[in-house]
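The values are calculated or read from the model by the stated rules, or taken from the named source; none is laboratory data. Just so we're clear, the structure is a prediction, and the values are computed from it rather than from any experiment. Cβ placement follows ideal geometry from the backbone for every residue including glycine, while neighbour counts extend to all protein chains displayed. The area values use the complete protein model at the heavy-atom level, side chains included, leaving out ligands, DNA and RNA. Shrake-Rupley method; radii C 1.70, N 1.55, O 1.52, S 1.80 Å.
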Amino acid sequence: MRAMVYRGPYKVRTEEKDRPRIEHPNDAIVRVQLAAICGSDLHLYHGMMPDTRIGHTFGHEFIGVVDEVGSSVQHLTVGDRVMVPFNIFCGTCWYCARGMYANCHNVNPNATAVGGIYGYSHTTGGYDGGQSEYVRVPFADVGPAKIPDWMADEDAVLLTDMTATGYFGAQLGDIVEGDVVIVFGAGPVGLVAAKSAWLMGAGRVIVIDHLDYRLEKARTFAHAETYNFTQYGDIVLEMKKATDYLGADVAIECVGAEADGNVLQHVTSSTFKLQGGSPVALNWAIDSVRKGATISVMGAFGPLFSAVKFGDAMNKGLTFHTNQCPVKRQWPRLFEHVRNGYLKPSELATHRVPSRTSLRATTSSRPSSTAASSPSSSRPPREQGVPMTYTPQKPPIAESSEELRQRIPGWGVDLDPAVRPSVPKLKFQEDLTGAHWEFPERQPETYPRERSPEHGMLTPVFGTAQPPSGVSGAIRRYAYRYSEGRAAHWLLLLFADRVDAWEHHLRSFLTLHPDNPVTETGVKAEFTHHGLRSRIGQHRTDLRHHPLDPVIVAGPWVVATWLGFSGARSLLRLLRS
C-alpha cells in the first residue's frame, strides 16, 4: 500500500509499505478515505517528540471503510463507513471506565503518562497512523463509530480530533455565564474553543495570534475579538488593559510546543530540543488571567520539562485543567451541535490534496501567507476614573445575555454544566463503551516488546510498527531501563532518533531509493512555492520560525559535508607523511 513515511526531522516521503494485518481478535483494518494533518503533527515532523522512528506513518485524524475485521468484532462489519477517534482505548480499564479514554492503561506499553494515539511515535504506543491507504484499528468495538447518513465527510474527519479537542478545551475552562475568555492560538483547535466558549455562556471571547488570516477567521467563524501580539510591545499588559486591569476569568492555551513570541524559548525547544516545548503562550496565559482564574491547556508539549512560570501560577491561585481529549465522550453532544448548525467543522478546511502529495501538504501546514487586513480589537470602552478591579464590582460586559443570544447562534446552549459531556472529569460509566470484556485478550508478542518500567506488565494491546533495530534499537532498549520521570529516558530516546535517521540515510545510499535532501525536506519548495517572499515584507508568514527553517534543515548536511571533507583531507595528509 502507499503511505506517508517519516525519514528523520523535516523529511517525509510517500512510499510502499506492507498492508497492516489483524494482530488481535478485536482489530479491524480500515481503508482510509479522508485524512487530515494536525498541527501537532509538526512536532513529529520537526523531530521534537522522543521515539519517533524512521518509517513511522503519521496521521491521527481519518475516516474510512472497514475492510477486514477480527474474530471477536461484533459491532462493525466489512463495508461500514466509520470515523475513528485519535485515541486508542480498551473501554474497561480504570481510566476508560471513568470516561478518560485518552488515558487508557491497556494500549501503550511505552509510557504511562499518555494513552495510545494513532501515528504519534512510540511514546504513544507505536501505532502507524492514517496518512496511508490502510490502518490497523485496535478495539474496533470500542473506538470507531459509524458515520451518520446526514453528516458530511469533512465534518466527520474533523470531529476525530480537532473539533472535539477545541470543544473539550472550553469545557475544561469551567466557563460560567458572563466570563471573559482568552484563547491563545487561532489554529483550528483554538477557533473551535473560542466558538464553544460562547455555547457555554461566555460574555466575551478574545483570540490572540500573529497571523492575520487566522485572526480574520476568528472574527468570522468564532465571533471573537482579536489581537495580533506582534503589534503590541507587551500582549500581557494589553490584556490587562482590555479587562479593566482585572485579567480574564478563563484562558485556553491552544498553541503548545512551538509557540512563537520569544526567540530564546523557541530556539531552545524547537531547534535544540532542550525543552519539551516553548511555553510562551502558556506563560502569557498565566500572566493574562485574574487571580483565582482557570487555565485550560490543549496545546501539545513533549514529555521533557519546560520553563513554565509556575511561581506566578501558584501565587495567583490558578486552577489548571488539561488532558488529551477523550474524543468519543464528546461525540453525542457534538453531533447535536453540528446537526443544529452551531458548529460546522468543515468551514475550517483550507487545503484538499491527494495522498501522493502528503509531503507538500505537511510542509505547507506551517502558517501560509495571507493578504488579510490588520486585525482589530472591538473591546468595550472602560469607564473613566478608578478601574473597577479595585472595587468589589466586576467590570461589566458590553452585551447582555439576550443580546449575545441574538448575535451568536447557539449562545448558552451548554450553559448548564450537566449537558457538557466531560463534566465531571471522572464519571463512572459502566457498559457505555461497547466493550464486551473485563480484561482484553492478549495480543501475541512476536518480538521482545520494549515497555516502560512504570508499567507492571506488558499491556494487552500494543503497536508493532518499526521494531527497534541496529544501534538506535540498542539505545532505545537501554532508555527503557529508566522511568519516565528521569530525563535520561527521554534524552536517550531523542539521541536514538538521530542515530536512527543516520542509519537509514546511510542504508538508503545502498538502495535504489536513496533519501533526497532536495525533494524530501521542503528545500525544493523554497524555489517553487515563494519561499523567500514568504519570509520578508508584507508577505511574511512567520516572524521568527521560518527564518530558522533553512538553517535547521540544511545545517546537518553542511556540517556532515564539512566533517567528511575535513576527515578525508586529514587522512590524505597522514598518508602522504
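Cβ-Cβ distances below 6 Å connect the following pairs, each with a first residue in the range 502-513 that is open to solvent by less than 100 Å² (accessible area, probe 1.4 Å), a second residue that is assigned to a helix (DSSP H, G or I) and small (Gly, Ala, Ser), and a separation of six or more residues or different chains: Glu503/Gly470; Glu503/Ser472. Screening the range 51-72 for residues that are of a type outside the set (Ser, Thr, Tyr) and in contact with a His (Cβ under 9 Å, 6 or more places away or on another chain) and picking the one that is farthest from Glu16 (Cα to Cα) gives Gly70. Gly434 meets each of the listed conditions (1) at pLDDT below 95; (2) open to solvent by less than 50 Å² (accessible area, probe 1.4 Å); (3) out of contact with any helix residue (DSSP H, G or I) (no Cβ under 7 Å at 6 or more places or on another chain); (4) on the phi < 0 side of the Ramachandran plot apart from (4). Inspection of the range 170-183 identifies no residue that is open to solvent by 10 Å² or more (accessible area, probe 1.4 Å) and at pLDDT below 95. Has the range 8-18 got any residue that is part of a strand (DSSP E or B) and hydrophobic (A, V, I, L, M, F, W, C)? Checked against the condition, which is being part of a strand (DSSP E or B) and hydrophobic (A, V, I, L, M, F, W, C), the range 8-18 yields at least one hit.
Each residue in the range 461-481 was checked for being surrounded by fewer than 18 Cβ atoms within 10 Å (Cβ to Cβ), of a type outside the set (Lys, Arg) and over 26 Å from the mean Cα position of the chain (by Cα), and 5 of them qualify. Screening Thr528 with (1) surrounded by fewer than 17 Cβ atoms within 10 Å (Cβ to Cβ); (2) at pLDDT 95 or above gives one miss only, at (2).
When the residues of the range 1-40 are narrowed to those that are within 29 Å of His75 (Cβ to Cβ) and acidic (Asp, Glu), which ends up least open to solvent (accessible area, probe 1.4 Å)? Ranking the qualifying residues of the range 1-40, first place goes to Asp27. With respect to the conditions (1) of a type in the set (Val, Ile, Thr); (2) open to solvent by 10 Å² or more (accessible area, probe 1.4 Å); (3) outside any helix (DSSP H, G or I), Thr165 falls short on a single one, namely (3). In the range 51-99, of all residues being in a loop (DSSP other than H, G, I, E, B) and without any contact (Cβ under 8 Å) to a residue 40 or more places away in the chain, the one that is least open to solvent (accessible area, probe 1.4 Å) corresponds to Cys93. Thr230 - would you say it is of a type in the set (Ser, Thr, Tyr) and either in contact with a Gly (Cβ under 8 Å, 6 or more places away or on another chain) or in contact (Cβ under 8 Å) with a residue 24 or more places away in the chain (or both)? Yes, satisfied. Within the range 118-142, the only residue that satisfies the criterion of being open to solvent by 10 Å² or more (accessible area, probe 1.4 Å), within 23 Å of Val189 (Cβ to Cβ) and not polar (S, T, N, Q) is Tyr120. Here the range 380-409 is the region considered, the condition is being in contact with an Asp or Glu (Cβ under 9 Å, 6 or more places away or on another chain), open to solvent by less than 100 Å² (accessible area, probe 1.4 Å) and assigned to a helix (DSSP H, G or I), and the residue that is modelled with the highest pLDDT is Ser401. Examine the range 230-238 for a residue that is of a type outside the set (Lys, Arg), in contact with a Leu (Cβ under 7 Å, 6 or more places away or on another chain) and modelled with pLDDT under 95, and state whether such a residue exists. Among the residues of the range 230-238, at least one is of a type outside the set (Lys, Arg), in contact with a Leu (Cβ under 7 Å, 6 or more places away or on another chain) and modelled with pLDDT under 95, which makes the answer yes. Of the residues making up the range 100-117, those that are open to solvent by 20 Å² or more (accessible area, probe 1.4 Å) and of a type in the set (Val, Ile, Thr) are Thr112, Val114.
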